[in-house]
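Asks: Pasting a structure here, questions to come.
The values are calculated or read from the model by the stated rules, or taken from the named source; none is laboratory data. Not measured: the values here are computed from a predicted model. Positions of Cβ are generated from backbone atoms using ideal geometry, with glycine treated the same way; all protein chains shown enter the neighbour counts. Heads up: the accessible areas ignore ligands, DNA and RNA and are worked out on the full protein's heavy atoms, side chains in. Shrake-Rupley method; radii C 1.70, N 1.55, O 1.52, S 1.80 Å.
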Amino acid sequence: MKILVCISHVPDTTSKINFSEDNTKFDTNGVQFVINPLDEFALTRAMWFKEKQGASVTVISIGLANTEPTLRKALAIGADEAIRVNVEPTDGYQVATQLAEVAKNEGFDLVLSGKESLDYNGGMVPGMMAEILGYNFINACISLDIEGSSCTVSREIDGGKEVLNCDLPLIIGGQKGLVEEKDLRIPNMRGIMMARKKPLKIIEPVSFELTTSTLKYEKPKAKGACKIIDQNNLDELIQLLHNEAKVI
Amino acid sequence: MSVLVFADNSEGIFKKTALEIVSYGKRVAEQAGSTVVVLTINADDTSALSDYGADKILAIKDSRLDKFNAKAYADCIQQASIQENADIVVVDSTNNGLYLAPILAINLKAGYASNVVDLPDALEPFTIKRNAFSSKGFNYSQMDSEKKLLSLARNSFGLKEQKVVSDVQEFTPELDNADFQIKSVAIEQTSGKVTIADADIVVSGGRGLKGPENWGMIEELAEVLGAATACSKPVSDLGWRPHGEHVGQTGKPVSSNLYIAIGISGAIQHLAGVNSSKTKVVINNDSEAPFFKAADYGVVGDAFEVVPEFIKKLKEFKSTL
């Protein structure tokens, strides 16, 4: 089984979100970038298939040279090789187009990805990629098992879960449950040393048409201060929730 | 041209998310000087849709579609959009909506904007406001494609009642085997409980509650308010509560009208998942807990004293309504 894991390079959750150039760009100043946490669940599941079922694991990211440390981290966790498509990601369709091209050309039969990236939260890429390729697609995936080419997959539904069956090739949009948080791996020194020698291939993008573009960003309005209510006066809290917030 | 809305139903009932996008679709149609067409699949009673402005309803009846199937449903929506000459298509942000939307976008050759939080800023060029960065920012996107697919963020527009007489028509899409490659083998659903996704109010407990045996008051508070129960990540990691209740960045997102956090300090990963809730209340004995910076109302005090008292007062209040 040849597994491709899509890695999005996103700001760490603790980052301050600011915009620059007249609010048209995300300000990366002082921002620490990490592997998208939902992609990390996918990568960890891929490592299980590598160790238990002998699969090969390739990680891929769409981005400029600044995304390479994130790919190296994925290699340190245990992926065999990495691919970077050398273009600035601007839109879900653009990214899906680039990924689909690589998946098709290199014959990957299982593509694992987080269901969304935690920067733009678009939730577009895995599904679009699957539809471009004509592969099966399952979103919000919380468990994945494969025997031969037969896949058993659970997905989250509102208020529960659904178990599905299908064949490879398959693309999933994954989330927590695919593996548990405690199973996520922190690269060790040996992994980091080995990652330096693993292949990181750079591919030029295929041409694409951009249909959606960002005009500007805006920060949410500053929130008012928290109103503190005395614990001996909870009637006041009820009145505020009823009359002011109008939520009860 | 028209605006097409896909209103998903759950055992014949249109949930708030479905009615909200009908409301939204109606307003977009008015803005564009056109009408809204609502597509339904295997719903017997579509009258609720007429209360929120559905000018026309296309009703599909097909037993192959009894269970949700993203590819087949996307195919139905695409065929309806062609018949109705729809250049704007709206879906919801439930797990089903978010599953079928990217498939549909490719089929329609449409630009796709998810996390939409408001009516279009402009129609020419088409500009739309979206949530990004876990609600720490907004993105205004311009869509130049001829067709546009929008998924509306939950609880971002609200229900706008607008009774109309709907023109209800049957619609029969052509489906083939390729639509049914993925087979549903089992569905496990907790019945009778308010789900976090659908709830207007969510009551959430953290490690400050000291142990799973103390959740009785959380459940009682939720019951009084008609709320769903949730928990922080450490609580689900410790196995005090099921994983399905974990809200936060890697758990479930919450965009309820009211979120009540009890004994939760407010780690940034937790806040990222609950940011888009409209009103937040925190009850915590540590006045320095970061959640007080994110909340609208706060009570500094011991949860074991405050919560039972709050329940008592709420019951009194409810009895006066």
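Asks: In square angstrom, rounded to the nearest 10, how much accessible surface does A:Cys6 have for a 1.4 Å probe?
Replies: It works out to around 10 Å².
Asks: Any of B:Lys15/B:Lys183; A:Lys2/B:Lys67; A:Lys115/B:Lys193; A:Lys73/A:Lys176; A:Lys161/A:Lys182 with alpha carbons more than 29 Å apart? Name them for me. Write out the running numbers ahead of the final one.
Replies: Numbers: B:Lys15/B:Lys183 25 Å; A:Lys2/B:Lys67 31 Å; A:Lys115/B:Lys193 26 Å; A:Lys73/A:Lys176 20 Å; A:Lys161/A:Lys182 21 Å.
Pairs exceeding the cut-off: A:Lys2/B:Lys67.
Asks: Put A:Ser213, B:Ser145 in order of accessible area, largest first, 1.4 Å probe: what do you get? Show your work: numbers first, answer last.
Replies: Values: A:Ser213 40, B:Ser145 10 Å².
From most exposed to least exposed: A:Ser213, B:Ser145.
Asks: Further question on the same structure: Quick one: pull the percent of accessible area on the protein assembly as shown belonging to carbon and sulfur, 1.4 Å probe, ligands and nucleic acids left out.
Replies: On the way: 11280 of 23310 Å².
The computed percentage sits at 48.
Asks: Taking the convex hull of the Cα atoms, report for chain A its projected area averaged over all directions, in nm². Provide the component values of the computation, followed by the final result.
Replies: Details: hull surface 70.6 nm².
With every direction weighted equally, the projected area is 17.6 nm².
Asks: Restricted to Cα positions, what overall size does segment B:118-253 have along the principal axes? Three whole-Å values, descending.
Replies: 56, 40, 35
Asks: Taking the Cα centre of chain B as origin, sum charge times position over the Cβ atoms of Lys and Arg (+1) and Asp and Glu (-1), and report the length of that vector in debye to the nearest 20.
Replies: 680 debye
Asks: Tell me, rounded to the nearest percent, the portion of alpha carbon pairs in segment B:103-179 spaced more than 16 Å apart. Each step should come with its number before you reach the end.
Replies: On the way: 1882 of 2926 pairs.
In whole percent, the long-distance tail amounts to 64.
Asks: From largest accessible area down, sort B:His270, A:His9; use a 1.4 Å probe on the protein chains.
Replies: On the way: B:His270 15, A:His9 35 Å².
Final ranking, largest accessible area leading: A:His9, B:His270.
Asks: What is the distance in Å between the Cα centres of segment A:179-218 and segment B:133-192?
Replies: That distance is 30 Å.
Asks: Using a Förster distance of 41 Å, how high is the FRET efficiency between A:Leu184 and B:Asn85, based on the Cβ-Cβ distance and rounded to 0.05? Kindly include the intermediate steps, with their values, before the conclusion.
Replies: On the way: r = 48 Å, r/R0 = 1.18.
Taking R0 as 41 Å, the efficiency between A:Leu184 and B:Asn85 is 0.25.
Asks: So, in nm, how far is label B:Phe304 from label B:Ser47 when the simple model puts each one 7 Å beyond its Cα toward the Cβ?
Replies: For the pair B:Phe304/B:Ser47, the computed spacing is 5.2 nm.
Asks: Let me have the relative contact order for segment B:230-321, percent, based on Cα pairs under 8 Å that are six or more residues apart.
Replies: On the way: 148 pairs, mean separation 18.5, N = 92.
Contact order relative to length: 20 percent.
Asks: Run a plain Debye calculation on segment B:37-161 (Cα atoms as equal point scatterers, no solvent) and give log10 I(q)/I(0) at q = 0.13 Å⁻¹, rounded to two decimals, same order as the q list.
Replies: The calculated log intensity ratios at q = 0.13 Å⁻¹ are -0.55.
Asks: Ok, one more. How big is the gap, in Å, between the Cα center of segment B:60-122 and the Cα center of segment A:5-59?
Replies: Segment B:60-122 and segment A:5-59 have Cα centres spaced 28 Å from each other.
Asks: May I ask you to list the residues of segment B:166-204 whose amide nitrogen lies under 19 Å from a point 7 Å from Cα along the Cα→beta-carbon direction of B:Lys61?
Replies: Under 19 Å, as judged by backbone N against the label point of B:Lys61, lie B:166-175 of segment B:166-204.
Asks: Would you calculate the separation in nanometres between label points at B:Glu188 and B:Lys109, each defined as 7 Å from the Cα along the Cα-to-beta-carbon direction?
Replies: Placing both labels 7 Å along Cα→Cβ, they lie 4.4 nm apart.
Asks: If you don't mind, another one. Just how large is the dipole of the protein assembly as shown about the Cα centre, in debye to the nearest 20, putting +1 at every Lys and Arg Cβ and -1 at every Asp and Glu Cβ?
Replies: 1380 debye
Asks: Leaving out ligands, DNA and RNA but keeping every protein chain, what accessible area does A:Ser15 have, in Å² rounded to the nearest 10, with a 1.4 Å probe?
Replies: Per-residue accessible area (A:Ser15): approximately 20 Å².
Asks: Where in segment B:1-93 are there GluC sites (Glu not before Pro) that are in a DSSP coil and have at most 14 other Cβ atoms within 10 angstrom of their Cβ?
Replies: Working: sites: B:Glu11, B:Glu20, B:Glu30, B:Glu84; in loops: B:Glu11, B:Glu84.
Listed in order of number, the matching sites are B:Glu11.
Asks: With every protein chain kept in the model, how would you rank B:Tyr24, B:Tyr52 by accessible area, 1.4 Å probe, largest at the top? If you can, show how the numbers build up before the last one.
Replies: On the way: B:Tyr24 0, B:Tyr52 30 Å².
Ranked from most to least accessible, the order is B:Tyr52, B:Tyr24.
Asks: 222 nm [θ] for the protein assembly as shown, helices only, -39500 (n - 2.57) per DSSP H run of 4+, per residue, to 500? All intermediate terms of the calculation are to be shown ahead of the outcome.
Replies: Values: 15 runs with 159 residues, N = 569.
After summing the helix terms and dividing by the residues of the protein assembly as shown, the value is -8500 deg cm²/dmol.
Asks: Can you give me the P(r) profile for segment A:1-113? Cα pairs, bins 10 angstrom wide beginning at 0, each as a whole percent.
Replies: With a bin width of 10 Å, the distribution comes to 14, 44, 30, 10, 2, 0.
Asks: Compute the FRET efficiency between A:Asp230 and A:Gln32 as 1/(1 + (r/R0)^6), taking r as their Cβ-Cβ distance and R0 = 41 Å, and round to the nearest 0.05. Present the calculation step by step, with values, prior to reporting the outcome.
Replies: Values: r = 40 Å, r/R0 = 0.98.
For R0 = 41 Å, the calculated efficiency reads 0.55.
Asks: Using a Cα-Cα cut-off of under 20 Å, which lysines could be cross-linked to B:Lys129, ignoring same-chain neighbours fewer than 8 residues away?
Replies: A:Lys25, A:Lys216, A:Lys219, A:Lys221, A:Lys223, B:Lys26, B:Lys147, B:Lys148, B:Lys160, B:Lys278
Asks: What's the average, rounded to a whole number, of partner chain beta-carbon atoms within 10 Å of each residue's beta-carbon in B:305-317? Could the numbers behind the result be given before it?
Replies: Details: counts 2, 5, 1, 0, 3, 4, 1, 1, 6, 6, 0, 2, 7.
Averaged over the peptide's residues, the number is 3.
Asks: Let me ask you something else. Under 8 Å for C-alpha pairs, at least 6 residues apart: give me the relative contact order for chain A, rounded to a whole percent.
Replies: Values: 474 pairs, mean separation 58.6, N = 248.
Once divided by the residue count of chain A, the mean separation gives 24 percent.
Asks: Give me the angle, in degrees from 0 to 90, between the Cα long axis of helix B:95-108 and the longest principal axis of the Cα atoms of chain B, rounded to the nearest 10.
Replies: That works out to roughly 30 degrees.
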